[in-house]
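Here is the structure we will look at, set down as structure tokens.
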Amino acid sequence: MNINSKAVFGLQWGDEGKGAIVDYLAENADLVVRFQGGHNAGHTLIINGEKTVLHLIPSGILRDKTKCLISSGVVVSLPELFKELNQVLEKKPNAENRLFISKNCPIILSTHRALDLARERRKGSKAIGTTGRGIGPCYEDKIARRAIKISDIFDEKILMEKLQEVMEFHNFQLTDFYREDARSIEEELEEIFGYRERLANLSIDTQSFLMECVKNDDSILFEGAQGTMLDIDLGTYPFVTSSNTTIAGLLTSTGLNSSYIKDVIGVVKAYTTRVGSGPFPTELFDEVGKVLATKGAEVGATTGRPRRCGWLDLVSLKAAIVASGITEICLTKIDVLDNIGSIKLCVSYELDGKPITFPPSHASELLACKPIYETLEGWNESTYGQTNYNKLPDNARAYINYIEKFLGIPIKMISTGPERDAIISI
Ligand code: GDP
Ligand code: IMO
Ligand code: MG
């Protein structure tokens, strides 16, 4: 058996450019697997000038032959899945034959979304700033062992029983606590049951499906969603998402053990962004922050919210690297730093007057951390679309080398533009 797999993780607060990297690497992949999160993700692919944003379907779907699997740790909204699949089918007519989905995926209901939105509204200024897609409430039901899974939807009687149990509970919270309208259980049943035939052709058992691929020596690419600092356990709780965004989430979702994962790629944006609330030590509120937001087109791919921007935070990257066992880094959006003057990198924090070199685990402590910067000289040339490492400006290479040395992990890919091929492989 020849293990031929790569796992791709975002090492910041999401939107590092994972989708574009997975699409690029998928040229040589037989299978791409999405393993956590849901349609809170927004993965942008630009191919020959045409933009596609994927939320649930793995970023291998725009290749011709690559199979795509949504494994059991992903929470799935069926209307959103089929809306996205229908859009993809216009570009890739064979997409439905290449898509597979675990029978074990929990289903996001209309009440999950309603609860997500109602809670955020009630929290007011203390809101997490979720994507409002029902992700958190659906994961809660999974852990509480009352979630409806894909395998439950093929029998109308079983589905109705389960919907009644869970939606009565949701409706009670919605009406009696949040003073919102209840949702109709019958309408939910009708909508979900309507997808059963299409789903019957797509749904599989994750572990045996993957073992078959491994037996065939398939090349497998695992696609992370969100970022390590949004991890439910490791991230800036409670300003996090509700899944494990690290290799831990990959393993529980697929039923594979770590010996099946060969290369572990950490995707790092050349600066930092964050959507939603929560601590962000290197956030910029000045002109440079605005320049990064404008040049980087930093607008949420799922919700359209502006992304907060700041300098690269090397301290928090240390924790992210350990969490997933990163073996190589892909540095994205280096072109956004062109012509920016001097560039800062956060190399340690100061907390209560003392320097610290590893991020604290508690959000309130991180909030109190002051970033300590190293300043490097910028470059006044364009790196946009560059595919040759030796043609990068000296100062851009110095920036890349500094990061590599500081983190002790090789940078093997650099992305210089949003297009599929704007990538330097080293
Ligand atoms: P993901 O969630 O990690 O897949 O990232 P998003 O798609 O949410 O956000 C990344 C954004 O940056 C998208 O608009 C991409 O088209 C864009 N992008 C990706 N790589 C590059 C790059 O190297 N340079 C520039 N300028 N844009 C990039
Ligand atoms: P990709 O895969 C950036 C953020 C939300 C919010 C928090 C919780 O495109 O990198 P949730 O709806 O998950 O309960 O929201 O997590 N968030 C993301 N931020 N990129 C994402 O995905 C995100 N998915 C969730 O903004 O702060
Ligand atoms: Mg995104």
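The values are calculated or read from the model by the stated rules, or taken from the named source; none is laboratory data. Keep in mind that what you see is a predicted model, and the values were worked out from it rather than measured. A quick note on method: Cβ atoms are made from the backbone with ideal geometry, for glycine too, and the neighbour counts reach across all protein chains shown. For the accessible areas, the whole protein counts, side chains as well, though only heavy atoms, and no ligand, DNA or RNA atoms are used. Shrake-Rupley method; radii C 1.70, N 1.55, O 1.52, S 1.80 Å.
Details
- Count of residues meeting criterion [farther than 20 Å from Pro359 by Cα and open to solvent by 50 Å² or more (accessible area, probe 1.4 Å)] in region 304-332: 3
- Being crowded, with 20+ Cβ neighbours inside 10 Å and either under 25 Å from the mean Cα position of the chain (by Cα) or of a type outside the set (Gly, Ala, Ser) (or both) is a description that applies to Gln226.
- Tabulated pairs, region 2-28, first assigned to a helix (DSSP H, G or I), second among the acidic types (Asp, Glu) and within 12 Å of ligand 3 (Cβ to nearest atom), C-beta under 8 angstrom, 6+ apart or interchain: Lys18/Glu223; Gly19/Glu223; Val22/Glu223
- Qualifying residue in region 22-40 (condition: closer than 23 Å to Asp421 by Cβ and within 11 Å of ligand 3 (Cβ to nearest atom)): no
- Here region 282-303 is the region considered, the condition is being open to solvent by 20 Å² or more (accessible area, probe 1.4 Å) and closer than 19 Å to Thr236 by Cα, and the residue that is nearest to ligand 2 (Cβ to nearest atom) is Glu283.
- Qualifying positions in region 51-71 - touching a residue at least 24 places away in the same chain (Cβ under 8 Å), out of contact with any His (no Cβ under 6 Å at 6 or more places or on another chain) and open to solvent by 30 Å² or more (accessible area, probe 1.4 Å): Val53, Arg63, Asp64, Lys65, Lys67
- Qualifying positions in region 372-381 - hydroxyl-bearing (Ser, Thr, Tyr) and surrounded by 13 or more Cβ atoms within 10 Å (Cβ to Cβ): Tyr373
- Residue check, Arg179 part of a loop (DSSP other than H, G, I, E, B) and not polar (S, T, N, Q): yes
- Of all the criteria given as (1) more than 12 Å from the chain's Cα centre (by Cα); (2) within 16 Å of ligand 2 (Cβ to nearest atom), the one not satisfied by Leu54 is (1).
- When residues of region 5-46 are limited to those that are touching a helix residue (DSSP H, G or I) at 6+ places or on another chain (Cβ under 9 Å) and open to solvent by 40 Å² or more (accessible area, probe 1.4 Å), the one farthest from ligand 2 (Cβ to nearest atom): Asp30
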